[in-house]
Amino acid sequence: MSTFIIGFFFVIVTTVLAVLGMVYVRKKVGVPKLREYHEVAGYLLSIIGTLYSLLLGFVVVDTMQHVQDLRVLVEQEANGIANIYLCSKVFETKDRDDIRNLSHDLVLAVVEDEWPAMQEGKFSPKAFQCAYRLWSRILSVEPKTELQKNAQAQIISEMCRTAESRRTRLVSAKMGVQPILWLVLIVGGLFTVLFTYFFGVESIRAQIIMTTLVALTLALNMLLVFIFGSPFTGDLAVRPDAFKLNLQIYEKVKELDANRPVDWSK
């Protein structure tokens, strides 16, 4: 089911429950009695609301920034493999073809095998094997010219950065918002909403609107934490678009090397 559909129902249900709770307390306790709590409730709500809003704000910003950093990391990883593919042109035919074929296999394994596995917090043994074979093949090249030596050094450097990015990506796939943090966010949000029940506004319509706005704001922020807390799942997940672009680049390079007309519209 779409993350947006789940989020829509979550926001609606939590807001409705908050309003129903307010109406129940208002009828059970009575407006005159609730007015006696205004001074104390307002003071405590300002403290709890401020602390909770700071915590929630930091968590939302941190999760969103984490997803953005991962998108950049994925692009850097894909760019590194593309650079390896292109730099291998200076090697002998056998070395060049082996490195390019292994680069292609690695990208294909990441797109087709590893990305679905990361949605479950796992990695792809097939992609690991492809990466290891590429490493081994790069190190087995014996450069014969100064240009080939420089190219091999550059390729090894690119492979190191690519491997580091891949390890970070795999670790991030297993991490999300920790359960203890979810507990604090849920309990804090519940307490914040409950404190709004201790105000007896003469107009029930006005109090319903105020409670709705508070509950809606908290629910929307919690939804953001849920969406961005799992960077490789959901509708806003990090996608392997950069790796898919690599596959297109490889096809164009093959056509250029074979002196065939290239269709740039695809």
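Could you please tell me which pairs satisfy a Cβ distance under 7 Å, a separation of 6+ or placement on different chains, a first residue in segment 172-199 that is surrounded by 16 or more Cβ atoms within 10 Å (Cβ to Cβ), and a second residue that is of a type in the set (Ser, Thr, Tyr) and not in a helix (DSSP H, G or I)?
GLY176/SER230; PHE198/TYR37
Got at least one residue in segment 13-22 being of a type in the set (Ser, Thr, Tyr), open to solvent by less than 100 Å² (accessible area, probe 1.4 Å) and on the phi < 0 side of the Ramachandran plot?
Yes, because at least one residue in segment 13-22 is of a type in the set (Ser, Thr, Tyr), open to solvent by less than 100 Å² (accessible area, probe 1.4 Å) and on the phi < 0 side of the Ramachandran plot.
LYS33: assigned to a helix (DSSP H, G or I), basic (Lys, Arg) and within 24 Å of ARG205 (Cβ to Cβ), yes or no? First the steps, then the outcome.
Details: assigned to a helix (DSSP H, G or I): yes; basic (Lys, Arg): yes; within 24 Å of ARG205 (Cβ to Cβ): yes.
It is true that LYS33 is assigned to a helix (DSSP H, G or I), basic (Lys, Arg) and within 24 Å of ARG205 (Cβ to Cβ).
Just for helices (runs of 4 or more DSSP H) wholly inside segment 78-161: which have at least 1 residues that are out of contact with any strand residue (DSSP E or B) (no Cβ under 6 Å at 6 or more places or on another chain), surrounded by 13 or more Cβ atoms within 10 Å (Cβ to Cβ) and of a type in the set (Lys, Arg)?
On the way: elements: 93-109, 115-118, 125-140.
In segment 78-161, the matching helices (runs of 4 or more DSSP H) lie at 93-109, 125-140.
Filter segment 162-179 down to the residues that are assigned to a helix (DSSP H, G or I) and aliphatic (A, V, I, L, M), then identify the one that is nearest to the chain's Cα centre (by Cα).
If we take residues in segment 162-179 being assigned to a helix (DSSP H, G or I) and aliphatic (A, V, I, L, M), then ALA173 is nearest to the chain's Cα centre (by Cα).
The values are calculated or read from the model by the stated rules, or taken from the named source; none is laboratory data. Since this is a predicted model, take the numbers as computed values, not measurements. Glycine gets a Cβ as well: all are built from the backbone with ideal geometry, and neighbour counts include every protein chain shown. The protein model used for the area step is the full one, side chains on, heavy atoms only, and it has no ligands, DNA or RNA in it. Shrake-Rupley method; radii C 1.70, N 1.55, O 1.52, S 1.80 Å.
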